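See structure below.
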Amino acid sequence: MISNQILQNTVEGLSNITQKKIRILERDGRPIANYDYLEENFDPSHFTEAFVYSPAESQVIQGHQFTKVFDNGITEYVIVVQGDDNETYQIARTTAFHIQSLLVAYKERFDRDNFIKNLLMDNLLLVDIYNRAKKLQVENDVRRAVYLIEVDADKDAAALEVIRNIFPAKQKDFVTSIDESTIVLVKELRDRDTTVDIERYAYIVNDTLAAEAMKRGQVAIGTVVTDLKFVSASYKEAKMALEVGKIFETDKNIVNYNNLGIGRLIYQLPLSICRMFLSEILDNSTMDSFDDELLTTVNKFFENHLNVSETSRQLYIHRNTLVYRLDKLQKITGLDLRNFEDAILFQITLMVSKYLAYKERHML
């Protein structure tokens, strides 16, 4: 359960402090952590099996102190320390106690991690949620929000550790991995935390990932909930926000479910309705009828609130050129974007087209 790297770091640290040669073995004798100056003419694995099945918790074998580490009464690891005096015995017992504490901590984190994953996936009955929360000392009636962080699959392990370091296990926040590229943070909020504070946590995650894992992620935020049974709903909202952000907010790394606007509505439309709408507005034309130059012009026109002068200035084109392009679009669609209602209709058309293209791409 404990990673070999954690065990190796523990052995190296204790060996440096005590100036003793320490090794950790599996119960079958396989070495999993050792200090690199252990003498090579002694192989403790030859004696491990007999020691594991002996009633002794500690035993001196050929000038080495053997000590067991238990997990629920079963020997999980064997500590071997070079030496046979009382000091060596104390060091072996101290090392065993330290590893035992790590086992308990990792088991507790595993249990809590399992609980949160099942909670997110709606795999628990209501009564199980409250019973397991009580057993794991997880408070129920507190404000929480779910943050969904998507990173490159090859950086998932590093990103997971970075985020866990930001929000260390302290009986409040939960960080877990859903798949090879998706990390979930269930963040406990303070009563005074506002929308600005909630989004600030997302920026902290992203900035820290950029600094330590050398890669920004996409962070989506679900709504704030005040009961554990609603955490899964916040998770689903964060998932939707992540998807909607990929379609309509491609320039943003942080997407909040509460700020999705019309994108939330379009995302829930059946594809058949989307196709019917585009056919009606474009009069059997397609989005391929518009070249990149025309679409860039239209988007800039929308950004500038249908202001012809400001749009032409920002695009470095003559006003008449902009009017020509708008007239060209009007001939194709029958929509005059200088008219507010037509502009709104075409903006929705662009969003529906993006959504449909995204869905069809991911259906292949």
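Please identify which residues in the range 1-18 have an amide N closer than 20 Å to a label point set 7 Å out from the Cα of Ile74, following the Cα→Cβ vector. Those under the cut-off are 1-4. For Asn34, the residues 5 or more places off, or on other chains, whose built amide H falls under 5 Å of its own are Ile24. Springs join every pair of Cα atoms under 10 Å in this Gaussian network model of the chain, and among Tyr89, Tyr203, Tyr235 the largest mean-square fluctuation is at Tyr89.
Counting heavy atoms of the protein chains alone, Met363 has an accessible area of about 130 Å² for a 1.4 Å probe. Extension gain for the segment Asn339 to Gln137, taken as residue separation times 0.36 nm less the Cα-Cα distance, is 66.8 nm to one decimal. Between Ile262 and Gln8, the modelled label-to-label distance comes to 5.6 nm, taking each label 7 Å out from Cα in the direction of the beta carbon.
Provide the gained length on full extension for the span Asn307 to Ala233, in nm with one decimal, where the gain is 0.36 nm per separating residue minus the Cα-Cα distance. Spell out each step's value before the answer.
Details: separation 74, 0.36 × 74 = 26.64 nm, distance 4.11 nm.
Taking 0.36 nm per residue and subtracting the Cα distance, the gain is 22.5 nm.
Classified by the C-alpha gyration tensor, the range 247-338 has an oblate form. Its axis ratio a/c, with a ≥ b ≥ c, is 1.5 or above, and a/b does not exceed b/c. Relative contact order of the chain, taken over Cα pairs closer than 8 Å and 6 or more residues apart, is 10 percent.
How much length is gained if the chain between Met121 and Asp179 is pulled fully straight, taking 0.36 nm per residue apart and subtracting their Cα-Cα distance, in nm to one decimal? Don't jump to the answer; show the numbers that get you there.
On the way: separation 58, 0.36 × 58 = 20.88 nm, distance 1.26 nm.
Length gained between Met121 and Asp179: 19.6 nm.
Comparing mean-square fluctuations of Ala343, Ala213, Ala202 from a GNM of the chain with C-alpha springs under 10 Å, the top value falls on Ala343.
Once both labels are positioned 7 Å from their Cα atoms along Cα-to-Cβ, the gap between Glu26 and Gln59 label points is 2.1 nm. Computing FRET efficiency as 1/(1 + (r/R0)^6) for Asn114 and Asp251, where r is the C-beta to C-beta distance and R0 is 35 Å, gives about 0.40.
Can you tell which of Gln137, Leu125, Tyr235 lies farthest toward the positive end of the dipole of the range 121-261, using +1 and -1 charges on the Cβ of basic and acidic side chains (Lys, Arg; Asp, Glu)? Among Gln137, Leu125, Tyr235, the one farthest towards the positive end of the dipole of the range 121-261 is Gln137. Using a probe of 1.4 angstrom and keeping all protein chains present, the accessible surface of the chain works out to 54 square angstrom per residue. Our summary of shape: the Cα atoms of the chain have principal axis extents of 95, 46, 41 Å, ordered from largest down, in whole angstrom. GNM on the chain, alpha-carbon springs under 10 angstrom: the most fluctuating residue among Asn258, Asn304, Asn165 is Asn304. Between Gln314 and Ala211, the FRET efficiency from the beta-carbon distance, with R0 = 41 Å, is close to 0.75. Evaluating 6.51 cos²θ - 1.76 cosθ + 1.60 at θ = phi - 60° for every residue in the range 336-352, the Karplus couplings come out as 9, 5, 6, 9, 4, 5, 5, 5, 4, 4, 6, 5, 5, 4, 4, 5, 4 Hz, glycine and proline recorded as x.
With only Cα atoms counted, the range 211-255 has Rg and Dmax values of 12.4, 35 Å.
Between Gln19 and Arg275, the simple spin-label model (points 7 angstrom out along Cα→Cβ) gives 8.0 nm.
For Thr296, the accessible surface of its heavy atoms amounts to roughly 80 Å² (probe 1.4 Å, protein chains only, rounded to the nearest 10). With helices as the sole contributors, the chain gives -17000 deg cm²/dmol at 222 nm; each DSSP H run of n ≥ 4 counts as -39500 (n - 2.57), and the sum is divided by every residue. Rolling a 1.4 Å probe over the protein chains gives Val60 an accessible area of about 70 Å².
Note on Lys117: lysines with a C-alpha under 23 Å away, same-chain residues under 8 apart excluded, are Lys107, Lys134, Lys135, Lys155, Lys170, Lys172, Lys187, Lys229, Lys236, Lys239.
Taking a straight Cα-Cα cut-off under 26 Å and skipping sequence neighbours fewer than 8 places away in the same chain, the lysines within cross-link reach of Lys20 are Lys68.
Close amide H pairs (under 5 Å, H built 1.01 Å from N) link Val255 with Val219, Ala220, Ile221, residues at least 5 positions away or on another chain.
Database remark: amide H of Arg143 closer than 5 angstrom to the amide H of Leu189 (H placed geometrically; neighbours at sequence offset of 5 or more, or on other chains; Pro and chain starts carry no H).
The values are calculated or read from the model by the stated rules, or taken from the named source; none is laboratory data. The shown structure was predicted, so the numbers you read here are calculated from the model rather than taken from an experiment. Counting neighbours? That spans all protein chains shown, and the Cβs are built from the backbone with ideal geometry, glycine included. What goes into the accessible areas is simple: the full protein's heavy atoms, side chains included, and nothing from ligands, DNA or RNA. Shrake-Rupley method; radii C 1.70, N 1.55, O 1.52, S 1.80 Å.
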